[in-house]
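Participant: Can you keep this structure in mind? I'll have questions shortly.
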Amino acid sequence: MSSAFKISQNNANDKSFANMLNIWILQHNCARSTQIMHACMKFAKNKTDIVILQESWMKDENITISHSSFICIKSNVQNTCVRILIFVAKNAKKFTCTSRSNIVNNEDMQAISIANNKIQRKILLFNIYNEKSQNADDEQLYMIERELAKVMLNSEQKVIIIKDFNAHYSWWNAKISNFIRTKVLIKWINLHKCNLINTSDIDTYHSYSSQLSSILDLAFASKNMCNYIKN
């Protein structure tokens with residue numbers, strides 16, 4: 001399950017993005033496989049600025065793979081396994097990425113800010129794996145219900161949300177009539193006036209066991225970002 005897009009300077013009249021270089025972003029669900037993670041990083045080297053991973057492989061104390069060309073950003077949580085990671089290219093000199101644990105700090109959801117000295121308002125990027133909590137004592141809600149629903153942003157905030165949604169809805173899949181895990185998501189998306197970045201009705205996941213395909217990996221962006229994103 002994967003998707004790729006870039007943030008591009010394609011509107012020279014917007015001074016908030018003047019002189020901003022293209023930023024390439026790759027997203028993939030790694031199914032807890034180190035082999036898949038290494039393959040993603042090998043592919044991304046010299047091609048991608050930010051790599052967004054869900055279902056990452058982790059060992060004790062949330063130790064994961066490393067790569068000489070990337071810096072790993074992960075949530076700082078204790079006594080639970082982090083399932084999402086962000087890797088930022090070390091040679092990405094024209095922008096900076098900063099963890100925003102003050103907004104969210106969870107094993108299945110993280111936020112970073114993307115900035116350079118030409119952006120008037122930093123871009124806030126969310127990495128989300130929409131799955132139930134690993135803690136049996138927690139209420140077994142999916143991540144969107146547990147954490148995203150609590151996040152309220154300023155209307156002027158530039159936002160990108162990249163997720164393995166595990167959600168089914170006719171907006172991105174016209175074949176769907178039975179909506180699954182979308183009520184809270186659609187409410188949040190509409191409240192923050194975000195648009196779908198994916199091209200609708202293009203599969204992002206294929207099950208080799210069932211030979212069925214679906215659309216699970218999605219990206220949304222606030223309206224003030226949409227003109228700068230190419231899928």
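Read the figures in this text as sums done on the coordinates, not as results from a lab. Not measured: the values here are computed from a predicted model. Using ideal geometry, Cβ is built from the backbone for each residue, glycine included, and neighbour counts are taken over all protein chains shown.
Participant: Give a residue-ordered list of calculated ³J(HN,Hα) values for the stretch 191-199 (Karplus: 6.51 cos²θ - 1.76 cosθ + 1.60, θ = phi - 60°; whole Hz; x for Gly, Pro).
Facilitator: Result, rounded to whole Hz: 4, 9, 6, 9, 10, 6, 8, 4, 7.
Participant: Calculate for the chain the 222 nm mean residue ellipticity that helices alone would give, adding -39,500 (n - 2.57) per DSSP H run of length 4 or more and normalising by residue count, nearest 500 deg cm²/dmol. Before the final figure, lay out each step's value.
Facilitator: Working: 4 runs with 28 residues, N = 231.
The helix contribution divided over the chain gives -3000 deg cm²/dmol.
Participant: Could you line up Tyr205, Tyr169 from fewest to most neighbouring Cβ atoms inside 10 Å?
Facilitator: On the way: Tyr205 15, Tyr169 19.
Placing the least packed residue first, the sequence is Tyr205, Tyr169.
Participant: Using a Gaussian network for the chain with springs between C-alpha atoms less than 10 Å apart, which of these wobbles most: Ser214, Ser113, Ser68?
Facilitator: So, out of Ser214, Ser113, Ser68, the one fluctuating most is Ser68.
Participant: So for the stretch 96-231: antiparallel DSSP bridges make up what percent, rounded to the nearest 5? Walk me through the numbers before you get to the answer.
Facilitator: Details: 24 of 31 bridges.
For the stretch 96-231, the DSSP antiparallel bridge percentage is about 75.
Participant: Need the C-alpha centroid separation for the stretch 210-231 versus the stretch 121-176, integer Å.
Facilitator: Rounded to whole Å, the Cα centres lie 13 Å apart.
Participant: Tell me the Kirkwood radius of the stretch 133-231: reciprocal of the mean inverse pair distance over distinct alpha-carbon atoms, in Å.
Facilitator: Value: 14.8 Å, from the Cα pair sum.
Participant: Moving on. D for the chain, whole µm²/s, Stokes-Einstein with Kirkwood Rh over alpha-carbon pairs at 10 °C and 1.306 mPa s: what number?
Facilitator: Details: Rh = 18.1 Å.
Reported coefficient: 88 µm²/s.
Participant: Looking at the square roots a ≥ b ≥ c of the eigenvalues of the Cα gyration tensor of the stretch 38-116, which shape do they give, rounded for a/c under 1.5, prolate if a/b is larger than b/c, or oblate? Let's see the in-between values first.
Facilitator: Numbers: a/c = 2.34, a/b = 1.24, b/c = 1.88.
Verdict is oblate for the stretch 38-116.
Participant: Sorted from fewest to most neighbouring beta carbons within 10 Å, what does the list Ile144, Ile176 look like? Before the final figure, lay out the partial values.
Facilitator: Working: Ile144 25, Ile176 16.
Lowest count first: Ile176, Ile144.
Participant: Which of Thr98, Thr204 has the fewest other C-beta atoms within 10 Å, and how do the rest follow up to the most?
Facilitator: Numbers: Thr98 13, Thr204 21.
The order, fewest Cβ neighbours first, is Thr98, Thr204.
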